[in-house]
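Coordinate-derived values only; no laboratory data. Bear in mind that the values here come from a model prediction, so they are computed numbers and not experimental data. Virtual Cβ from ideal backbone geometry, glycine too; neighbours counted across all protein chains shown.
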Amino acid sequence: MISRRDLLAGAAASAAQPLRAVEPETLASAAARAGLVFGASIDAAAFDDPAYFDLYRRETQLLVTDVALKFDWLRPAEDVWNFAPADRIVAAAKAEGKLVRGHTLIWNDNAPAWLKKLSGREIERVFDEHIDRVAARYAGALHSWDVVNEPFWPIDRRAGGWRDGPWFAAMGSAYVERAFRRVAAVDKTARLTLNEAQCDNDGDWGRSIRPLLAGLVDRLRDAGAPLHAIGLESHLQPKFPHNYKEFARYVADFGAQDLEVYISEFDVDDSVYPDSAAERDAAAAALAGEFLSNVLAVPAVRLIATWQLSDRYSWYRSLPRKHMFGPARMPRPLPFDDDGRPKPMRQAMIEAFRARAAGAGRPTP
């Protein structure tokens, strides 16, 4: 029998042990418990702002290269390759034990002037050269690559709804499959992703792109192209109608094809909300929560990345504010404010991650 003296001695020994600190819940830890990877895009601003980079340390498991690997940023001239910003992101991720998403190899938008001056045959040469060199440089270092970004843009009025630009002009729609095959020949580990915008909204714009993307995926799969994941940007825009239950069913269709789905550029356009920052934050959090509660019920969704973490560095801040938000009103689209303080959106995201972890990650009926 254990004596009273032994019990007291054991209790005293236990009391002498230092208490283990409880780690605070972060977006990354809450997402991980839900079987998700959480990350955010990052650029040089984060390295110049130590407090902001600390947010990435605490809150993310993955870094996205934002503009650093976009063609026009990487190659301002044909004979100039500016790898330094992307190299810095990859090195920082390795040092912090984080994953990296490459964004993006091929996009028809924002092509530099020098590329547009080339002949079709020269553009094909640059296309192959670019993919080979960039994919080889980061082979084995990336969780995933946005191989082709936003292939559809019906406003360009091209047959099939394709986005116009130098790659499409030179090769037609074949450029998409060509890109995936070429990357796969160089990088054997990255998840190769087709990234598209607007599909989350239920207006004419989103509804027009959804079947185009689904059709392209079917063609790539039928051709045996190395496609592993679909990125759905999800820059939520409350100015458009939405039906997130229906959108979740659309997402689930990709999962039925054994594709992963990434919510790849998440934020909320708050331009239609009231001027009060508190009211805007509450409305943005409610919309984010509604979206995630539906989409995260789809098991194929494996990753969510916000486009930056703090409002201060959001891409919305670079838009002409007087037309969208009024001359004195700053956008507030992200889970942290200008000073890195958490906003209601962060809590809404954590609650959605908790719901999935508790068993809500079932196929949407």
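The table that follows gives values for the structure above.
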{"quantity": "Relative packing of 266-272, 352-358, 144-150, which averages over residues the other C-beta atoms within 10 Å, highest first", "calculated": "144-150, 266-272, 352-358"}
{"quantity": "In sequence order, calculated HN-Hα J values of the range 180-194 (Karplus, 6.51, -1.76, 1.60; Hz; x Gly/Pro)", "calculated": "5, 5, 5, 5, 4, 6, 9, 10, 8, 10, 5, 7, 8, 10, 9"}
{"quantity": "Amide N of the range 117-140 lying under 19 Å from the label point, which is placed 7 angstrom from the Cα of Thr189 along Cα→Cβ", "calculated": "132-140"}
{"quantity": "Candidates per trypsin sites (Lys or Arg not before Pro) in the range 132-197, loop by DSSP, up to 13 other Cβ within 10 Å", "calculated": "Arg157, Lys188"}
{"quantity": "Highest-MSF residue in the chain out of Pro24, Pro335, Pro154 [GNM, Cα springs under 10 Å]", "calculated": "Pro24"}
{"quantity": "Options Ser234, Ser276, Pro335, ranked by Cα towards positive dipole end of the range 25-359, top entry (Cβ charges)", "calculated": "Ser234"}
{"quantity": "Inter-probe distance in nm under a simple model that places probes 7 Å from Cα toward Cβ, at Met330 and Glu96", "calculated": "2.1 nm"}
{"quantity": "GNM top mover of Asp258, Asp200, Asp281 - the chain, alpha-carbon springs below 10 Å", "calculated": "Asp258"}
{"quantity": "Sites Asn110 and Gln347 - FRET efficiency at Förster radius 35 Å, r taken between beta-carbons, to 0.05", "calculated": "0.50"}
{"quantity": "Residue of Ala282, Ala141, Ala113 that the Gaussian network model of the chain assigns the largest fluctuation, springs spanning Cα pairs under 10 Å", "calculated": "Ala113"}
{"quantity": "222 nm mean residue ellipticity, helices alone, for the chain (DSSP H n ≥ 4; -39,500 (n - 2.57); rounded to 500)", "calculated": "-13000 deg cm²/dmol"}
{"quantity": "10 Å Cβ shell holding at most 15 others, DSSP loop, GluC sites (Glu not before Pro): longest site-free stretch of the chain", "calculated": "79-365"}
{"quantity": "Reach of Lys188 by Cα under 29 Å, taken over lysines that are not fewer than 8 positions away in the same chain", "calculated": "Lys70, Lys94, Lys98"}
{"quantity": "Given charges at beta-carbon only (K, R positive; D, E negative), |dipole| of the chain in Debye", "calculated": "640 debye"}
{"quantity": "The chain - percent relative contact order, Cα under 8 Å, separation 6 or more", "calculated": "16 percent"}
{"quantity": "Residues whose placed amide H lies under 5 Å from that of Arg191, excluding near-sequence neighbours", "calculated": "Ser144, Trp145"}
{"quantity": "Label-to-label distance, nm, for residues given as Asp164 and Ser208 (7 Å Cα→Cβ offset)", "calculated": "1.4 nm"}
{"quantity": "Burial ordering of Asp87, Asp222, fewest other beta-carbon atoms within 10 Å first", "calculated": "Asp222, Asp87"}
{"quantity": "Cleavage-rule hits, trypsin sites (Lys or Arg not before Pro), the range 34-98, DSSP coil, Cβ neighbours within 10 Å at most 10", "calculated": "none"}
